[in-house]
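This report refers to the structure that appears directly beneath it.
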Amino acid sequence: MLTKDLLRVSRAGGGYRPRFAGREHRPLAARVLGTYQGHVGEPRASLENALEALERETDDFKLVRGLAALLEREATVETEAAIDPERARRRAFEAAEALGVVTEDERAMALIRASESLECSADDLERALYADLEERQVLTGVDPRWEPDDLIAQYNLSLAQTALFDATEIRVRSSDPKVLVSAIKRLRLMYEIERLTPDSTATDDDDVGIAEREIVVTGPTRLFRATRRYGTRFARLLRTVAKAEEWSLEATIDDRGTERTLSLSDEDPVRVPDAEPVTDVSFDSGVEADFAGRFSTLDLEWDLQREPEPLATGTRVMIPDFAFDYAHRDFRVYVEIMGFWTPEYVEKKLAQLEGLEDVELVVAVDESLGVGEEIEARDFRAIPYTGTVRMKDVAAVLREYERQLVAESAADLPAELRLDADVRSLEDLAAAHGVSEDALADVAFPEHERVGRTLVRPSVLESLAEDVEVGMDLADAEDVLEEVGISDSSAILAELGYRVEWEGLAGGTLERRE
C-alpha cells in the first residue's frame, strides 16, 4: 500500500479510477531501481537529489515517489558515526559553553577538547554531530524483490489498495468465493452474500452455489464514522480478490464527502506479484523460451501471445509459435521460428507458408537453413538468426509495422480538432478515436494548449494561475486541478512555473521554478 498523498486517481465523469502504470513506465521503474542500487553507501541527501532529478525528467513526479516508496521498504538506512551523535553533541556543547565559543578557531578548540574526552579525533567528532539527521543517514543496502515489470505490478496493486482506504462498501464477485469468504472472516469484516439468481436457495455459508453470489463487504464507515483501520482491511482483502482467476469489484468511495464508485476486475493490471501462476507456459524449444523471455523485457506497444489461433493454409492448418498484438488497434502479426534443419521440416514449413493468404507473418529462420530468400519471395519477413533470435531485429520489424499503423490512424484524423470540453487528456481522446497518442502528434487543437499529456483551454490556465500560489500544499494544489478535471498535475504545475519542494517521501509545497 502507498500513503494517500501518493494516490493517483482520475475523477473524470464523476468516477474514481486509479491511474495505473503501464508498459510505457517500465524504463522509469528500471531507473528508480537503478537509482537506489547506485546510491548504496551514499547519504540519503544524495539519493533524494537523484530522485528529484528523475522527477524533473518525467511528467509525473508522484509516480516516481510512489515507486520510490515501495523500494524504500526494501532499503536499509543506517547512521554511520564513530560515536553516538547524541553523546557527541552533548560533549561538544559542554566544551563550547566552557570556552564561550564565538569564532571559528574557538569552535575548533571546543571540538578538540570534546574529542579528547571521548577518545576520538576531532574530525570523527564533527562528522558524528549530526550524522543521525535523515538527510545524512547512509543507504547501506537495498535488496528489492522485484525486477522492473514486477515493481510496476506491485505499484499497481498498491495503488488500487490505497484507493480503497476510503471505501464504505465493496461488492465482489469471484471465481474462488470460498477463499474470499475465509479472508473476509479472518480480517473480521462485516459481510453478507446476495443472490445473483432469484431461484438460488443456498444459505450464506453454503459451498454449493456460492460462486453465483455477490459478496457485499461493509465496515463501520457505513454505519458510524470513517476509520483507517477498516480502510486498510479493505485494502488487504484486495490481495485475496486479485489472486482469483476471474473477479470483479465495485467499491463505494467516500471522497472528501462525495460518494464515488471505483470499479476493478481481472481485466485491470492488478495482480499479486508473488502469487503462483495459474498455468505454466511450455515451449517446443529453448530458442522459443529464450525468445519469449527476452521479448518481455522490451518496451514496445505489442503484446506477445503464445500459440495463437490456427491459420488456414490450403487444406490444412498451421499454428504459429507466437503472435504480436498491437496495443492500439485490432492488428496481429504472427511469428514462426524455423530452427530445425531436416530437409523434410524445411519442405513442410515452406509448403505451409505458400498456402497462407492475407496474413502478416514474420519468420525467424536459422541461417544454416539457407531459405531466407525463399521466405522473402513469399512476401513474408525473414529474420535470420544464429543461436538466438536478436531482439533488436524483432523490434525493428515491429516498429516498421507501428509506423505504418500510426500513419494510417493519423490519416483518418482531421487536421484539427475543436473540443467541447475545457480539459481533455490525450489518453482519453486517443481512446475515443481508437488510435495511439502518437497519432495525435500532428493534429492541431486551435482552442487548447497541449501541456504534457493534457489539452487545456488557455482561459483555464489563466484561472489556475490565480488559484495556485507559492507555498501552497501540493495536495491543496492538486485539489484545485482536480476541480477542473486535470489529473496530470506535474506537467500543469510546471507550465504554471512551479516545482515541488518535497518533504522526504511524503507531501510537499509549491516553489517557483528557477
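The values are calculated or read from the model by the stated rules, or taken from the named source; none is laboratory data. Values in this document were obtained by computation on a predicted structure and should not be read as measured data. Cβ placement follows ideal geometry from the backbone for every residue including glycine, while neighbour counts extend to all protein chains displayed.
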| field | All strands (runs of 3 or more DSSP E) inside the range 283-344 with 3 or more residues being modelled with pLDDT of 80 or more | value | 302-306, 322-326, 332-338
| the range 382-398, subset of a type outside the set (D, E, K, R) and not in a strand (DSSP E or B), residue modelled with the lowest pLDDT | GLY387
| request: Please determine, by comparing only the residues of the range 101-121 that are hydroxyl-bearing (Ser, Thr, Tyr) and assigned to a helix (DSSP H, G or I), which one is nearest to THR79 (Cα to Cα). | output: SER115
| said: Tell me which helices (runs of 4 or more DSSP H) are completely within the range 122-196 and hold 2 or more residues being more than 22 Å from MET1 (Cβ to Cβ) and either touching a helix residue (DSSP H, G or I) at 6+ places or on another chain (Cβ under 8 Å) or modelled with pLDDT of 85 or more (or both), or say none if there are none. | reply: 122-128, 177-186
| task | Show the residue pairs that are 6+ apart or on different chains and have beta-carbon atoms under 6 Å apart, the first residue being within the range 17-42 and in the same structural domain as GLU250 (by TED's automatic domain parsing), the second being in a helix (DSSP H, G or I) and surrounded by 15 or more Cβ atoms within 10 Å (Cβ to Cβ). | result | none
| Complete set of residues in the range 408-430 that are surrounded by 19 or more Cβ atoms within 10 Å (Cβ to Cβ) and farther than 26 Å from SER10 by Cα | SER409
| field | Count - residues of the range 433-446 that are surrounded by 16 or more Cβ atoms within 10 Å (Cβ to Cβ) and charged (D, E, K, R) | value | 2
| note | The condition from (1) exposed (fewer than 13 other Cβ atoms within 10 Å of the Cβ); (2) closer than 28 Å to ALA411 by Cα; (3) among the hydrophobic types (A, V, I, L, M, F, W, C) that VAL470 misses is numbered (2)
